[in-house]
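The values are calculated or read from the model by the stated rules, or taken from the named source; none is laboratory data. Keep in mind it's a predicted model, so treat the numbers as computed, not measured. With ideal geometry, Cβ positions are generated from the backbone for all residues, glycine too; neighbour counts draw on all protein chains shown.
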Amino acid sequence: MAIKYNLSLHELMDFLYGQDYEGFTEQEIQAVEHKIGVKLPTAYRNFLLKYGGNTIYNAFNDLFNSLEDIYTSYQIIDDILADLEEDFKESIRTGNQEEYADNPYFTLWQLPREEWHTITQNYVLIGCDPEGIAYEGYLLADLLDGNPDPPLYLSCDDDFIEYKRWSDSTEPFLIEMLGESIFYHRSIDSYDSTKHIPIKELFSHIDADIDDSQLNVNGHIATCFDTASEKVYFYFEYKTFQRVLCVCKADLH
C-alpha cells in the first residue's frame, strides 16, 4: 500500500473533483467585504474564488452555504440586542435588572458600541458547525491589520461573546471542515474513540495500515491518501474524542 501523507487542500479537491471547480466571483466577494467593512484575508479569498461553491462543502456545513451568511459578531449582537431590548427596559422599569446581572448582552446594551471591546472582541464569522452551536471566524482586528492568513477562532457556550483560538491558519481549518462535511452528509467508513488511543490502532478499526510517524496533525486534522486503492483518510483529534474516516471518490457521487 503506497501512502501519500499530509495532503494539501488543493490535492484533496483534485481527488474529489478533478478540475471541476466552482468558485465565487470577485464581485460576489467584494459585496460581502463591503457589508462587513473589511477585506477578507488572502488565504480565505483564494479558497472562495477557486472552490467556494463546490457541492461537498455546500451539502451540509453552513460554513460554505452562502457568502450572504458572513457577518461580523457585532452585527449579530446588534440583532440580538434589538430582540432583547424590551425585556431589558422592562426589567429596569420594574426594578428587576438584577436578573440580568450576569448577562453579557445586558451589559453590552448599556454600553456605547465603542466600548463593547471591554466585553467581547469583534469577529468576522464565516460559518458555524453542523449543529449550529459553535461559530467560526477571524478576529476583525487581524483583518484590519491586513494579515493574509490569520488564525481562526471558535465561539464558546453557544453565544457570540467568548471565543477560543481554534486553528493557527486557514488551510487546516478548511480541510477539517471538508472532512466534517463529508462525515455528516455521507454514509462512509469511519470509527470514533472517546478514549485516546494510538493513531495506528485507530486506523486499524477501518482496516487501514498507516505509518503514524509520518502523519502530521495540523491543528485538529491530518490526512493521507492510499494511491493504490484511491482512498483518502481524514484523522480528527479533539480533547474528547478521535475520529478516522475513509473516503472513496465513488462515495461522493
Condition (residue is in contact with an Asp or Glu (Cβ under 9 Å, 6 or more places away or on another chain), within 27 Å of Asp79 (Cβ to Cβ) and among the aliphatic types (A, V, I, L, M)) applied to the range 151-165: is it met by at least one residue?
yes
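So, of the residues in the range 240-253 that are assigned to a loop (DSSP other than H, G, I, E, B) and at pLDDT 90 or above, which turns out to be surrounded by the most Cβ atoms within 10 Å (Cβ to Cβ)?
Kept after step one, since they are assigned to a loop (DSSP other than H, G, I, E, B), are these residues of the range 240-253: 240-241, 253.
Of the ones still in play, those that are also at pLDDT 90 or above are 240-241.
On the way: Thr240: 6, Phe241: 12.
Among those that are assigned to a loop (DSSP other than H, G, I, E, B) and at pLDDT 90 or above, it is Phe241.
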Please return the ranges of strands (runs of 3 or more DSSP E) entirely within the range 96-196 where 1 or more residues are of a type outside the set (A, V, I, L, M), under 21 Å from Phe241 (Cβ atoms) and over 11 Å from the mean Cα position of the chain (by Cα).
163-167, 189-193
What residue, among those in the range 197-214 that are within 28 Å of Glu136 (Cβ to Cβ) and surrounded by fewer than 20 Cβ atoms within 10 Å (Cβ to Cβ), is nearest to the chain's Cα centre (by Cα)?
Ile199
Residues of the range 1-46 being closer than 25 Å to Ala222 by Cα, assigned to a loop (DSSP other than H, G, I, E, B) and in contact (Cβ under 8 Å) with a residue 24 or more places away in the chain, in sequence order, are Met1, Ala2, Asn6, Leu7, Ser8, Tyr21, Glu22, Gly23, Pro41
So which residues in the range 156-172 are more than 22 Å from Val217 (Cα to Cα) and free of Cβ contacts under 8 Å to residues at least 40 places away in the same chain?
Cys156, Asp157, Asp158
